[in-house]
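Colleague: The structure that follows is given in the form of structure tokens.
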Amino acid sequence: SAKGPSPKPEKYINADMSCRRGFKEIWTQAFNLGNAQNLLSARVQRQIIFVHREIPFKYGQINNLFGWDMKLRENHSFTALNFELVDEVMDFLADQGIIPVIDLGDKPQHTLLDFDRPIYIEERKKVYESLEEYKKVLELFMGHVIRRYGTEWVEQWMFHVWFDPGEAYENTIVT
């Protein structure tokens, strides 16, 4: 008869709860809200409103606010930017009192089967071709949102840049 793998021995952990102490509920500070394009969906907005009501978080991270699917501009032109979809996302966050954490990078969409096995990775079209283009789009965006939402609100926003470490040396925009 074939023998199967031997069972793993059980381990027991005992914790002395008499010396416990409180911990900071960091999950009430920030949620990753995902791709900006998805925030245009009424279904996704209802989910965010529900979660925000049940777990009142302060910051909401959004990715790819300047991605091609947000129709901010044509090709790599920055002479005239169309903020219509960007405004819809930012208006929604402002209406909910969620302070944006804006990822200024070009993060690909992906779906994972488990921790390190992707089943879908989006093909990316480079959003910026030069550091000058990146700076100009950001300058125009900041001028627009300060006029629209006011300095007091925009000063609370946070920004960070996601980048693929495998492309870090090719993509010199992050300096």
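What follows draws every value from the coordinates through simple rules; no lab data is involved. Everything quoted here is computed from the prediction, not taken from an experiment. Neighbour counts run over all protein chains shown; Cβ positions are idealised from the backbone, glycine included.
Colleague: If the chain between SER41 and GLU152 were fully stretched, how many nm would it gain, using 0.36 nm times the residue separation less the Cα-Cα distance?
Modeller: Working: separation 111, 0.36 × 111 = 39.96 nm, distance 2.77 nm.
Separation in residues times 0.36 nm, less the Cα-Cα distance, equals 37.2 nm.
Colleague: Mind ordering 126-133, 98-105 by average Cβ neighbours within 10 Å, highest first?
Modeller: Numbers: 126-133: 14.0, 98-105: 21.2.
In descending order of packing, they fall as 98-105, 126-133.
Colleague: List, in the order given, every pair from LYS71/LYS135; LYS58/LYS135; LYS71/LYS107; LYS58/LYS126 whose Cα-Cα distance in the structure shown is over 20 Å. Can you show the working numbers first?
Modeller: Values: LYS71/LYS135 18 Å; LYS58/LYS135 28 Å; LYS71/LYS107 16 Å; LYS58/LYS126 31 Å.
With Cα atoms farther than 20 Å apart: LYS58/LYS135; LYS58/LYS126.
Colleague: Quick check: residue separation of LYS126 and ASP91 times 0.36 nm, minus the Cα distance between them. What number comes out in nm? Before the final figure, lay out the partial values.
Modeller: Details: separation 35, 0.36 × 35 = 12.60 nm, distance 2.65 nm.
That works out to 10.0 nm of additional length.
Colleague: How far, in nm, would the chain grow between LYS135 and PHE50 when pulled straight, counting 0.36 nm per residue and subtracting the alpha carbon separation?
Modeller: Details: separation 85, 0.36 × 85 = 30.60 nm, distance 3.60 nm.
Taking 0.36 nm per residue and subtracting the Cα distance, the gain is 27.0 nm.
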